[in-house]
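S.K.: The structure's right below; bear with me while I get my questions together.
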Amino acid sequence: MIEIKNLKVAIDGKEILKGVNLTVKPGEVHAIMGPNGSGKSTLAQVLAGKEEYEVLEGSVTFNGKDLFELKAEDRAREGMFLAFQYPIEIPGVSNVNLLKTAVNEIKKYRGEEQIHALDFLKMIKEKMKLVEMPQDLLNRSGERRFFRW
Amino acid sequence: MSNTEINEIEQLANQEYKYGFVTDIDADTFPPGLNEDVVRALSAKKEEPEWMLELRLKAYRQWLKMVEPQWPNVNYPPVDFQAISYYSAPKQKKKLNSLDEVDPEILSAFAKLGIPLAEQKILANVAVDAVFDSVSVATTYKAKLNEMGIIFCSMSEAIREHGDLVKKYLGSVVPAADNYYSALNAAVFSDGSFVYIPKGVRCPMELSTYFRINAANTGQFERTLIIADDYSYVSYLEGCTAPMRDENQLHAAVVELIAMDNAQIKYSTIQNWYAGDKNGKGGIYNFVTKRGNCKGVNSKISWTQVETGSAITWKYPSCLLTGDNSIGEFYSVAVTNNHQQADTGTKMIHIGKNTKSTIVSKGISAGFSNNTYRGLVRIGKKATNARNYSQCDSLLIGDKCGAHTFPYLEVSNPGAIVEHEATTSKIGADQIFYLNQRGLATEDAVSMIVNGYCKEVFKELPMEFAVEATKLLSISLEGSVG
Ligand SMILES: Nc1ncnc2c1ncn2[C@@H]1O[C@H](COP(=O)(O)OP(=O)(O)OP(=O)(O)O)[C@@H](O)[C@H]1O
Ligand SMILES: [Mg+2]
């Protein structure tokens, strides 16, 4: 599913990854461990397509495709998902709107039908119950108090 | 941000202006130039009563004594007022009796803009007045509104048919002598919309005026007057576009609103005049005076504006909070890209007791543009218990643009409570990467970030307009991402 061969990556001219090899088959779970600053996040970010990193050498195939030929959004649409160590805030955009847009972008890429806002809301509420998440999380966004006299 | 990202944002901002077409119609156009004879000819053309001509001449003489303001934070070569034509109207055979008689070329121009004028096809619940260059070409739903006593017509018609109302209120909120452009407008305004909502009437539909500049080398000087009598309500929308031309064109409008006791006026604008090309060539100079008087007790005036067009915008929709307990609101999104310049904001003048005002301003600058918020909150001596809340945010896209904030405060009543918040932020590479990683292309990511940023303003817009505003915003920022 993903095959990393001799991957060397630098940032600001400093080599961080010095030849990583890793093959992950469908269904496998791998944990990468290492001391702080050893390059775990760097590996994840490079795979996800963050631009600041410079790939010096090596190759990565993902679902049979050359990963480095794909734009970040296409990697995501192919199924690469990165959970952020430090989540990013987009003020004024509710979680539910972001999730719906993300799901529909991926559906579009795969030639599937778009999911309608109401159906999406229903689906997500069911899923949230499953994992016992508070429902008010949906409409939350990094928003300031709204002011009204 | 990386270079490729900057390029992408820039591309996003540089999408073409799709309203830039020119309609080929036979027009009746004055030769360029301005003098008393031109003012007289204009007034005669519009078959105006003597008192209107007198008002125009007085304003013209006033204007001659005034100088163009230099304080706005904008730069442009001096306007040659003698090179402008002050009247251009599509030639029409006779007085129009129905929409069927409007020149099909004009109807199709409005249809291209997404403003169908045939009543049965019109968006449900929006009555439209369409102004093409200097004249109003069609006002829809008139009969239906008439039944309720609502007057919605072109300013020219109002001057002829509702002279008493016009005489009483025209210039009562923005006097001719108020500023250089209001004086010019009072002298040469060509058309615009007039609205009167009688006592106790809640206008059942959105009233809308669509302004279109078509002719070259003409100025557009429209004049709008809205009067909401006691306990009435009206929501009014205004949209504007112009063809792409290499020369700059002047648009100097005046809008006056009057809200009597317990009346409410909601005024929304989507301003999308041609902004000039990528290098700053051409575009509209948008020098506009908009002011509302909350004359009656418990009255309320809300301005909501989405400003994406024009080469230069100079505009401060304001509220005079005269009546006790009256409320003024200003919600603004001003986008500048490429070489656009905007100096916009509001004035909230608290005169009556317990008056309240809210200001929410969202500036977005991209490209080489300059975006200035300029606002005044003045609390008069007698305005006990007055309150104001202001929030002025700036969002920068790229690093060659500028954002400036000039909030002025004049408080003469010690009991007033005035709050001001301001933020400046940048669209971060991290935010874009985060959204890319969730499957959004960079263009859509920027659009989502910008829309989130503007949410507080967009939710003040009527539904159809909010959708249009969202689209317009992504268009005007297309190519701007860094
Ligand atoms: N944007 C950056 N600019 C410069 N150096 C960086 C940048 N990001 C990471 N580094 C450096 O790269 C090295 C690897 O960092 P990385 O964040 O990948 O480690 P990590 O294994 O995820 O650490 P932690 O366990 O603390 O999360 C560190 O030396 C770090 O300082
Ligand atoms: Mg890490």
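S.K.: With labels modelled as points extended 7 Å from the Cα through the Cβ direction, what inter-label distance (nm, one decimal) is found for B:Ser412 paired with A:Lys125?
M.R.: 5.5
S.K.: Something else about it: If amide H atoms are built 1.01 Å from N in the plane of the peptide, which residues on other chains or at least 5 residues away come under 5 Å of the amide H of B:Glu238?
M.R.: Counting only residues 5 or more places away or on other chains, the set is B:Thr209, B:Ser268, B:Thr269, B:Ile270.
S.K.: Also, quick follow-up: Apply the Karplus parameterisation 6.51 cos²θ - 1.76 cosθ + 1.60, with θ equal to phi minus 60°, to every residue of the stretch B:386-391 and state each ³J(HN,Hα) to the nearest whole Hz, in sequence, with x for glycine and proline.
M.R.: 6, 9, 9, 10, 10, 9
S.K.: Now for a separate question. Using θ = phi - 60° and the Karplus relation 6.51 cos²θ - 1.76 cosθ + 1.60, list the HN-Hα couplings for the stretch A:87-95 in order, rounded to whole Hz, with x at every Gly or Pro.
M.R.: Rounded to whole hertz, the list is x, 9, 9, 10, x, x, 9, 6, 4.
S.K.: Averaged over peptide B:441-450, how many Cβ atoms belonging to another chain are found within 10 Å of each residue's Cβ? Show your work: numbers first, answer last.
M.R.: Working: counts 6, 3, 0, 3, 4, 0, 0, 6, 4, 1.
Whole-number average of other-chain Cβ neighbours for B:441-450 is 3.
S.K.: Another one. Once the Cβ-Cβ distance between B:Tyr76 and A:Leu99 is put in as r, and R0 is 60 Å, what FRET efficiency do you end up with, to the nearest 0.05?
M.R.: On the way: r = 46 Å, r/R0 = 0.76.
According to the calculation, E is roughly 0.85.
S.K.: Taking the Cβ-Cβ separation of B:Ala44 and A:Gln85 as r and a Förster radius of 60 Å, what is the calculated FRET efficiency to the nearest 0.05?
M.R.: Numbers: r = 74 Å, r/R0 = 1.24.
It comes to 0.20.
S.K.: Enumerate the calculated ³J(HN,Hα) couplings along the stretch B:143-153 in order (Karplus 6.51 cos²θ - 1.76 cosθ + 1.60, θ = phi - 60°), each rounded to whole Hz, writing x wherever the residue is Gly or Pro.
M.R.: Values per residue, Gly and Pro as x: 4, 4, 5, 3, 4, 8, x, 7, 9, 9, 8 Hz.
S.K.: P(r) of the stretch A:1-141 in 5 Å steps, Cα pairs, percent per bin?
M.R.: 2, 8, 14, 18, 18, 14, 13, 9, 5, 1
S.K.: Can I ask one more? Mind giving me the nanometre distance, one decimal, between the label points for B:Leu376 and B:Thr424, set 7 Å out from Cα along Cα→Cβ?
M.R.: It works out to 2.5 nm between the two label points.
S.K.: Follow-up question, since we're still on this one. Evaluate the Debye formula for the stretch A:1-64 with equal point scatterers sitting on the alpha carbons, no solvent, and hand back log10 of I(q)/I(0) at q = 0.22, 0.24 Å⁻¹, in q order, two decimals.
M.R.: With one equal scatterer per Cα and no solvent, log10 I(q)/I(0) is -0.96, -1.12.
S.K.: While we're here: For the pair B and A, how large is the buried accessible area, both sides, in square angstrom to the nearest 100, if the probe is 1.4 Å?
M.R.: Values: alone 19310 and 11370 Å², together 27500 Å².
The buried area between B and A, both sides summed, comes to about 3200 Å².
S.K.: Send over a whole-number figure in Å² for the accessible area per residue of the stretch A:1-72, probe 1.4 Å. Mind dumping the intermediate values first?
M.R.: On the way: 4500 Å² over 72 residues.
Computed with neighbouring chains in place, this is 62 Å² per residue.
S.K.: Taking H placed 1.01 Å from N in the peptide plane, check which residues at least 5 places from B:Asn337 or on another chain put their amide H under 5 Å from its amide H.
M.R.: Those qualifying (amide H under 5 Å, at least 5 residues apart or on another chain) are B:Ala366.
S.K.: Less than 9 Å Cβ to Cβ from B:Leu435, Lys/Arg counted +1 and Asp/Glu -1: what total charge do the surrounding residues give?
M.R.: Working: positive: B:Arg438; negative: A:Glu73, B:Asp444.
Taking every Cβ under 9 Å from that of B:Leu435, the sum is -1.
S.K.: Rounded to the nearest whole Å², what accessible area per residue is found for the stretch B:345-482 with the 1.4 Å probe? Mind dumping the intermediate values first?
M.R.: Details: 4920 Å² over 138 residues.
Result: 36 Å² per residue.
S.K.: Using a 1.4 Å probe on the protein chains only, how many percent of the accessible area of the stretch B:288-394 belongs to carbon and sulfur?
M.R.: Working: 1160 of 2330 Å².
Heavy-atom surface of the stretch B:288-394 belonging to carbon and sulfur, 1.4 Å probe: 50 percent.
S.K.: With Rg and the Kirkwood Rh both taken from Cα atoms, where does Rg over Rh land for the stretch B:323-364? Write down the numbers at each step before the final one.
M.R.: Numbers: Rg = 13.9 Å, Rh = 12.0 Å.
Radius of gyration relative to Kirkwood radius: 1.16.
S.K.: Put a dot 7 Å past each Cα toward the Cβ at B:Glu147 and A:Ala10; how far apart are the dots in nm?
M.R.: Calculated label separation equals 7.8 nm.
S.K.: What is the set of long-range amide H partners of B:Lys290 at a cut-off below 5 Å, with H atoms built 1.01 Å from backbone N?
M.R.: B:Val255, B:Tyr316, B:Ser318
The values are calculated or read from the model by the stated rules, or taken from the named source; none is laboratory data. Note that the structure is predicted; figures quoted are calculated from it, not measured. All Cβ positions, glycine included, derive from the backbone under ideal geometry; neighbour counts span all protein chains shown. Protein only, heavy atoms only, side chains kept; ligands, DNA and RNA dropped before computing areas. Shrake-Rupley method; radii C 1.70, N 1.55, O 1.52, S 1.80 Å.
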